[in-house]
Amino acid sequence: METHIHKLRHPRFVILNIPDDITTSNIEGTLIAQNPGLNLANGDINAKFTYVTKKHTRNIVVEVRAQVRKALLQNKVKIWWLICRIEDYISVNRCFKCSGYNHRVGDCRGEETCPLCAVRHRLKGCTASPHEYKCVNCTTYSKFNPTKHVCSSHSSLYRNCPSLQALLEKYKPNTDYGHGC
């Protein structure tokens with residue numbers, strides 16, 4: 001048997017509204033060249049992926065060390081002629097079959113569950129009105145945490161879902177934000 005000391009994850013940032021020509025391969029060089037006041041060096045930024053939002057804006061997710069995170073939070077990031085906003089990036093996988101967290105469809109062992117009403121049917125076939133929505137995750141959370149009953153009268157797609165927020169809070173202690181950050 002081997003023992004391993006748990007290593008904290010590096011924090012991740014999302015840089016919002018980046019220009020179309022910025023990619024995972026050129027973001028580090030661009031940030032270093034255009035933000036000399038941040039004292040960034042090669043290897044400080046590890047670009048993970050880019051994505052396009054529903055509003056057709058491009059964002060890029062980067063991983064950094066705690067000291068770099070602190071420097072970025074205290075400054076604005078310049079990319080070409082833009083000043084881009086940055087935010088912490090914490091994400092949770094959600095299964096599109098059972099609407100549960102921390103796994104994807106390919107690994108799902110649950111039953112198909114509608115993310116709107118928590119009934120055993122596909123989302124396309126749902127006829128529930130918003131006041132009939134029910135979150136399968138909050139129902140399960142309340143069942144296993146009887147002292148922490150949470151409201152489940154929302155869909156499992158709701159961004160401020162209490163069970164999702166509880167899961168995001170669990171991730172934070174496993175991330176190296178540095179001392180006092």
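The values are calculated or read from the model by the stated rules, or taken from the named source; none is laboratory data. Computed from a prediction, not measured in an experiment: that's the story for all the values here. Heads up, the Cβs are rebuilt from the backbone with ideal geometry, glycines too, and the neighbour counts pull from every protein chain shown.
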query = For the stretch 73-109, how many residues are of a type in the set (D, E, K, R) and outside any strand (DSSP E or B)?
reply = 6
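Matching residues to (1) out of contact with any His (no Cβ under 9 Å at 6 or more places or on another chain); (2) in contact (Cβ under 8 Å) with a residue 40 or more places away in the chain; (3) farther than 30 Å from residue 64 by Cα:
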residue	(1), (2), (3)
98	yes, no, yes
104	yes, no, no
128	yes, no, yes
139	yes, no, yes
142	no, no, yes
150	yes, no, yes
155	yes, yes, yes
message = Taking the criterion of being surrounded by 15 or more Cβ atoms within 10 Å (Cβ to Cβ), within 30 Å of residue 41 (Cβ to Cβ) and not assigned by TED's automatic domain parsing to the domain that holds residue 38, would at least one residue in the stretch 166-175 satisfy it?
response = yes
remark   = Inside the stretch 1-55, the number of residues satisfying the requirement of being among the aromatic types (Phe, Trp, Tyr) and either over 16 Å from residue 84 (Cβ atoms) or without any contact (Cβ under 8 Å) to a residue 40 or more places away in the chain (or both) is 2
request  = Check 121, 149, 131 and return the single one that is farther than 17 Å from residue 96 by Cα, in a loop (DSSP other than H, G, I, E, B) and more than 22 Å from the chain's Cα centre (by Cα).
outcome  = 149
task = Scan the stretch 61-73 and give yes if some residue there is surrounded by 12 or more Cβ atoms within 10 Å (Cβ to Cβ), out of contact with any Asp or Glu (no Cβ under 9 Å at 6 or more places or on another chain), within 27 Å of residue 21 (Cβ to Cβ) and not aliphatic (A, V, I, L, M), otherwise no.
result = yes
